[in-house]
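Note sheet for the following structure.
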Amino acid sequence: MSRVAKKPVPLPQGVTATLAPDVVTIKGAKGTLSVPLKSGVTVTEQDKQLQVAYTDAFGVRAMAGATRAHLANMVDGVTKGYERNLEINGVGYKADSKGDTLSFALGYTHPVTVKLPKGI
C-alpha cells in the first residue's frame, strides 16, 4: 500500500467533507474546494478523518497518494487560507517597508521599490 495514501487526513472542527463517487468537496470557514477522483480511488470518512483506498490496477497507487495529498492541502486551504512568504538570503540584501511601499536592496545600483498590494 502507498505510504502516503494510508495516512488519514484529519478534519478539524468546522470542516465538512461531502463524498460522491467521482468527487470530494471540502467546505470550511475560508471557502469550498473540490477534487475529482480517478477511477480505482475511493475516499471514505470515519471518525472525522478521510481515508483513501485504491485498487491494484497499474498507476492507481500513485494517484491514491496524490489524492491524499490534495485532500490534506484542501483542508489546510479552507482552514488557514493562502499564504506566501518571502525569504531573502545573502550578505548585503535587505528589504524595508515604508508606508505602503516595499524597498529592496538587492545589489543593484539603485533600490527596487514595489507598491504593496492590499492585505499585506
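The values are calculated or read from the model by the stated rules, or taken from the named source; none is laboratory data. Worth saying up front: this structure is predicted, and the values here are computed from it rather than measured. Backbone-built Cβ (ideal geometry, glycine too); neighbour counts: all protein chains shown. Each accessible area value is taken on the protein alone, full model and side chains, heavy atoms only, with ligands, DNA and RNA left out. Shrake-Rupley method; radii C 1.70, N 1.55, O 1.52, S 1.80 Å.
Here are the numbers for the structure shown:
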read-out: The chain, accessible surface, carbon-and-sulfur percent (1.4 angstrom probe); value: 54 percent
read-out: THR101 accessible area, assembled protein chains, probe 1.4 Å, Å²; value: 40 Å²
read-out: Length-normalised contact order of the chain in % [C-alpha pairs under 8 Å, at least 6 apart]; value: 22 percent
read-out: Inter-probe distance in nm under a simple model that places probes 7 Å from Cα toward Cβ, at TYR93 and ALA62; value: 3.3 nm
read-out: Longest to shortest principal axis, alpha-carbon extents of the chain, angstrom; value: 60, 32, 20
read-out: Simple Cβ-charge dipole of the chain, Lys/Arg +1 and Asp/Glu -1, about Cα centre, in debye nearest 20; value: 80 debye
read-out: DSSP loop trypsin sites (Lys or Arg not before Pro) with at most 16 other Cβ within 10 Å excluded, longest remaining stretch of the chain; value: 85-117
read-out: 222 nm mean residue ellipticity, helices alone, for the chain (DSSP H n ≥ 4; -39,500 (n - 2.57); rounded to 500); value: -5500 deg cm²/dmol
read-out: Spin-label model distance (nm) - LYS7 vs THR79, 7 Å beyond Cα toward Cβ; value: 1.4 nm
read-out: Probe 1.4 Å, accessible area per residue of the chain, Å²; value: 73 Å²
read-out: Two-site FRET efficiency, ASP47 against ASP22, from Cβ-Cβ distance with R₀ of 22 Å, rounded to 0.05; value: 0.35
read-out: Lysine pair number, Cα distance threshold 23 Å (strictly under), the stretch 19-120, separation 8 or more or different chains; value: 13
read-out: ILE120 accessible area, assembled protein chains, probe 1.4 Å, Å²; value: 150 Å²
read-out: Angle between the chain longest axis and helix 60-79 axis [Cα atoms, degrees, rounded to 10]; value: 50 degrees
read-out: Aspartates and glutamates with Cα under 19 Å of LYS6, excluding same-chain neighbours fewer than 8 positions away; value: GLU45, ASP47, ASP56, ASP76
read-out: Contour excess over end-to-end distance, with Cα ends at LYS30 and THR109 and 0.36 nm allotted per residue; value: 24.2 nm
